[in-house]
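Everything on this sheet refers to the single structure shown next.
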Amino acid sequence: MADETRTSKAARLFDVRRVIGGLFLLYGVIVTLLGLFDSQAEIDKAQGVRINLWMGLAMLALGLLMLLWLKLSPPEAPPESSEPENPAE
Amino acid sequence: MVIAASGLRLDLDIFDYLILALYFITVLGIGFAARAAIKTSADFFLSGRSMPAWVTGLAFVSANLGALEILGMAANGAQYGLMTLHYYWIGAVPAMAFLGIVMMPFYYGSKVRSVPEFLRRRFNDSTHLFNAISFAIAQMLIAGVNLFALALILQALLGWPLWISIALGAAIVLIYITLGGLSSAIYNEVLQFFVILAGLIPITIVGLVKVGGWNGLVDKVQQTSLGEAGLHTFANTASSDNPLGANWIGIIFGLGFVLSFGYWTTNFAEVQRALSAKNMNAARRTPIIGAFPKLVIPVVTVVPGLIALVTVKGLGADKGDLTYNYAIPLLMRDLLPNGVLGVAVTGLLASFMAGMAANVSGFNTVFTYDIWQSYIKKDRDDAYYLRIGRYATIGGVVVGIGTAFIAAGFSNIMNYIQALFSLFNAPLFATFIVGMFWKRMSSWAGFWSLALGTLSALTLYLLHLSDVVKFNSDLEESFWGAGLAFVVAVVVALIVTQFTPSKPENELRGLVYGMGGDATSTETIISGEKVWWRNPVLLGAIAVVLALLLYIPVW
C-alpha cells in the first residue's frame, strides 16, 4: 500500500495554472485583435456589443491572473505541515 | 437530415479553427507532460493523491458539466422555464455539501481507491463485484452517449461526417487518458471549465442585450406559450399543474433527495475527483468548492434557454434543427461573431470530451482495481496494473464507440441517461447510507439490498417501456423508479440483517459512523479545520444557504 500511494514529486511540477494561463493568454490576444478589427456586420450580429473585444480582454486578464498566481505561489512549495490528517506515506 | 444539418451550420473562419486547434494541441501536450510525471498506478488512477482542493473542486463540477448537461439544461430552460433551476439548487448543492461534510471522511479516510472498494470492505466480495460490474457497464453506456452526442454536434455545426467525428473524438480522449491517466483528465476538466464558460458568457451577454435585458426577457417569456409559469420555481407545485409536471414532494424527495444524493455521493466518476485530493481537508472541500460554481452556472445555461425560446422562431419542434436540444447552438449561430464563436465551439467540443474522459477514467480504475486485480490476476507488481489500466482505457474507448451506435438508436438521449441514473445510483445510495450509519447491517444485507433495489428500478422501467404501468412523462418515471429503488433497498437491508450475521466490529473501523477510526469521529467531521475558509462544514452550510436565498426572487 505504501508504495502505491506514494506521490511522485514530478506530478506536482507541471501546474494547471500555467496551462490555463498560457492558453487564455493566446486566446486573449487572438480574440482581442479580432475585436479591434471587427467589421460592422460582425458588430451588428452581436447586437452592437463589441463582444470579441470585451471577451478578448477578459480572457487576457484571466490568463495573466493565472500566471501571476503561479508566480506568487509556486507549485514546488512543500505540503503544509499543519494538516493533521495528512496520510502517513 | 442534410437540410436539418445545413440550417444549423456555423460559418467558422480560419481564426475559429486556429482557436480550436490550439485547444487540442494543449490537451495533447497535457497528456505528454502528464505521462512524464506518472510513476505508479496511484499516479495514473488517483493522480498520486496530490491535487489541491481548487483543482479537484473545479474538476468535480466540470466532470458533471458535460456538453449533454449544458445542451440538456438549456433545452429544459426553454421547455420548462425556471423550474429547471431545481436541477442546480435543490438537486445538486445540498448533496454536494453532504458528500463533503458527512461522506468524504469515510471515503478518503478509509483509503479506498474506488466506490466499489468501499463496498467490499464494508460488506463482502459479492456486493463489491455486483457494483463494480454494474458501474463499469453504466460508464461505458454513458461514454457512448457522450461520444454520439459529440458527433451529432460536429455534424450539425461543422458538417463533419458522423463516423469521422466519432473516431476523432474517441482518438483524442484515448490519447490523453492513456498517456496521462486521471491527472490528464482532471487537468483537461479544469481547462475545459474555463473554456466552456468563455464560450457561454458571450451568448448570455449578447442574448440579454438582444431581448432588452432581464426585464425584457421576463416580458417576452410571459407572452410565450410557457407564460408566467416559466418564471417561477415553486409556484403551483402543490399539484402537478406546472411546466415540469411534478409536485413539491416529487421535487424535494425524488429529485432533491434520492436522485440527487444518489448521483452526487455514490457516482464514482464524481467521487474519484475528490479521492485524488492531496489530503482529507482538500478532499472534503472538493465537492463543496464545486457547489459554488454550480449555484451560478444556470445563468449561462437556463437563461440562454429562455433567450432562445423568445428569439428563435419555431423553437420546440419535434425533430430537425429547431428541437429544444439545439437552443445553445442556435444562439451561437445567431449571435456570435467569428472569434468568440470559435471559443464557444471549442468549449462545447471540449466539454463532450471531458464528459467522456470522466466516464473512461472512472471505468479504467474500477476495471483494473476492482475487477482485474481483485478477481482475475492478484498480487502482481504495480507496473503490471499500470499497464492493465492503459489497456482498459483502450478497451473502454473501443467499447464506447460501440455504445455510441447503441445511443444513436434512442430518440431522447437525456431520458436514456436519467433512466440509467435511477437504475444504478438510487439503490446504491440507499445501501451506502444505511451501511455507513448502522453498524449491525450485515454483509449479505448489503448485497441483497443493492441487487433487489436495482432489480426493482429495472422492473419498473421495463413496465414503463412496455406501457404496463403508465406515467405522465419519462421524467416522472425516473423520479418514481429512484424512489422505489431507494425504499426497496432500505427495507431489504433491514430484513436481511435480521437473518444473517453482522460483521465483527473491528472490521468496521473507519467505515461506519461511531466505530472509531480517526477520520470518521464526530469531532473530526464537525471541526475539520480551524481556518474558517478551509472549514468544510462552514463552507457547505454557506453553499446550502445561498441556494435557498437564490430561490427567493424566482419563487
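The values are calculated or read from the model by the stated rules, or taken from the named source; none is laboratory data. What you see is a predicted model, and the numbers here were worked out from it, not measured in a lab. No Cβ is skipped: glycine too gets one built from the backbone with ideal geometry, and neighbour counts run over all protein chains shown. Areas reflect the complete protein model, heavy atoms only, side chains present, ligands, DNA and RNA absent. Shrake-Rupley method; radii C 1.70, N 1.55, O 1.52, S 1.80 Å.
What to note about this one:
- Residue B:115 being within 17 Å of the chain's Cα centre (by Cα) and among the β-branched types (Val, Ile, Thr): yes
- The lone exception for residue B:56 - which of (1) modelled with pLDDT under 85; (2) within 30 Å of residue B:375 (Cβ to Cβ); (3) surrounded by fewer than 22 Cβ atoms within 10 Å (Cβ to Cβ); (4) of a type outside the set (D, E, K, R) it fails: (3)
- Residue in segment A:32-53 that is closer than 22 Å to residue B:30 by Cα, open to solvent by less than 70 Å² (accessible area, probe 1.4 Å) and at the interface with chain B (Cβ under 7 Å from one of its Cβ atoms) present: no
- Of all residues making up segment A:1-31, the number that are at pLDDT below 80, touching a Ser or Thr at 6+ places or on another chain (Cβ under 6 Å) and open to solvent by less than 20 Å² (accessible area, probe 1.4 Å): 1
- In segment B:439-495, the residues that are open to solvent by 70 Å² or more (accessible area, probe 1.4 Å), under 28 Å from residue B:514 (Cβ atoms) and either at pLDDT below 85 or not in a helix (DSSP H, G or I) (or both): B:439, B:440
- Within segment B:334-352, residues that are within 11 Å of residue B:10 (Cβ to Cβ) and more than 7 Å from chain A (Cβ to nearest Cβ) reach partners that are aliphatic (A, V, I, L, M) and part of a loop (DSSP other than H, G, I, E, B) with beta carbons closer than 6 Å, at six or more positions or on different chains, in the pairs B:344/B:336.
- Residue B:419 being at pLDDT below 80 and open to solvent by less than 40 Å² (accessible area, probe 1.4 Å): yes
- Within segment A:56-65, tally of residues that are open to solvent by less than 20 Å² (accessible area, probe 1.4 Å) and facing another protein chain (nearest Cβ under 9 Å): 2
- Residue list for segment B:296-347, restricted to those being open to solvent by 10 Å² or more (accessible area, probe 1.4 Å) and on the phi > 0 side of the Ramachandran plot: B:314, B:316, B:320
- Looking across segment B:9-26, the residues that are in a helix (DSSP H, G or I) and within 10 Å of chain A (Cβ to nearest Cβ) come down to B:15, B:16, B:18, B:19, B:22, B:23, B:25, B:26.
- Of the residues making up segment B:329-357, just one is touching a Gly at 6+ places or on another chain (Cβ under 8 Å) and part of a loop (DSSP other than H, G, I, E, B), namely B:339.
- With respect to the conditions (1) at pLDDT 85 or above; (2) assigned to a loop (DSSP other than H, G, I, E, B), residue A:83 falls short on a single one, namely (1).
- Selected residue [open to solvent by 10 Å² or more (accessible area, probe 1.4 Å), among the hydrophobic types (A, V, I, L, M, F, W, C) and outside any loop (DSSP other than H, G, I, E, B)] from B:399, B:360, B:366: B:399
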